[in-house]
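Q: Pasting in a structure now, in structure tokens, and then I'll have a few things to ask.
Values quoted throughout were computed directly from the atomic coordinates according to the rules given, and no laboratory measurement underlies them. For clarity, every value in this text was computed on a predicted model and none was experimentally measured. Neighbour counts run over all protein chains shown; Cβ positions are idealised from the backbone, glycine included.
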Amino acid sequence: MTFTGILWLLVWGGMFTGIYNLRLSGGLSDLLSVFQAVRTLFPIVAVYLSLMWMLVKRPGFSFFRMPAGFLFGYFAVGAVSSVFLSPNRLTALYWAGEYAAPLLVVWVAVEMPDPLDRLRKILYLNNIVVALIFFSLIPDVLHVGGSDERFSQFYRLPFNLGDMKANGVGRFALVMTIIAFTYLICRRQKRSKFLWGVLLLPALFMLAQTRSRTSLLGLAISGVLLVLIMGIDLRFLLIGPAATYLVYLSGIKWRLHGHVEKLMFLTGRDYTWRKGLAQIEHSPFLGWGFHADRLMLNSEHMHNSYLHSAIHAGVFGAAFFLAALVAVWVLILRSGLMKRIRGVAGRDLPLLMQSVLIIGFLTGRSFFESTAAFYGVDLLLLVPAMAYIWVWDRENAGGADERRESHSGAPDGDHPPDKRSGLMAMT
């Protein structure tokens, strides 16, 4: 396990817990309560170790030249607001530290020797964690059963480690679908293809059962991006209608009981947005610091990344946040990445496809959920994917100006791809 891998596991270790668990509600005799309290601080430990490494190594600032660097600007504004404007400074600073953890770990990975390989390993860790959480949810999915259960159903993780609403479970189901499908079409061996194909079925079942509109939207976005990446493929004549039927069955027949006119019903989000905007008007430039929605809106969640970033860090912070998503899509489109993926061979092929599809899903999700605007699963999926695409492009015939800048310890990576062993040959 590499140093950055350990740091990334620490970042994941704080998921589904929070500062509220430091109260040790079960007392010292309750080992689970103690464990929940200890892992609350895991991302803070990752921040500390990252900063110590930086003080010793004094790395460069490549992180700030990539799209994910704008998220650090958002964090910086939010951190200032957390100190001076938050109604609960300690809570705000805790969540600011949690938010900084994945940014700092990716910064360390980018500045260490062989950054592309380190980011690959972080993406592999993401895939493993997603798979573990996905499989841990299957018993509860089977318990929930068919389409008659209420959409507000909570899904519980094993050992009382946390719970998720259907939207969160739908996110894991879709990401698992993306992982399984990309490996299915990229693998040569029939046995490997069979295993990934078998894994795809429960992922699609879980996705359909949750009836999560943001995840179903993500499925549609991922499908479109996949066509742009792979080009015209006769297999889409079967896959396309099947995916469309899944969206209809889950999103319209089960979720809306056939009432298409309810498709844009916002389930109370518009009410929360209005309350959030009222608070933003009182501090429009810097916001109110991290966790402000929960502190100022009676624990309500903003359910919109841009309003969420604005209540945290005002219009200045929201501008940085928006710039990060715009910049990564500018990079993808200007570099012709989606067409270039077809000529990639080896381990980068599925990882590049997964990164583009996950970024596409999370971009669509950002309008109805607070994707990457606070410390959460979406942030841990988005940041390394953005960094991986930037580093890969830089090392594989990307922007000429970036290639002229020598990265300490990084491989040149400018070997032309083997066209015979690219995506089209595999498919």
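Q: Using a 7 Å offset from the Cα along the Cα-to-Cβ direction at both Lys121 and Phe159, what is the distance between the two label points in nm, to one decimal?
A: Between Lys121 and Phe159, the label points sit 2.4 nm apart.
Q: Let me ask something else about it. Given labels modelled 7 Å from the Cα in the Cβ direction, how far is it in nm from His282 to Leu51?
A: Rounded to a tenth, the inter-label distance reads 3.0 nm.
Q: Taking Cα centroids, how far is the range 108-147 from the range 334-393 in Å?
A: Measuring centre to centre over Cα atoms gives 14 Å.
Q: Count charges around Leu333 for me, please; just the other residues with Cβ under 14 Å from its Cβ, Lys/Arg as +1, Asp/Glu as -1.
A: So the environment of Leu333 carries a net charge of +2.
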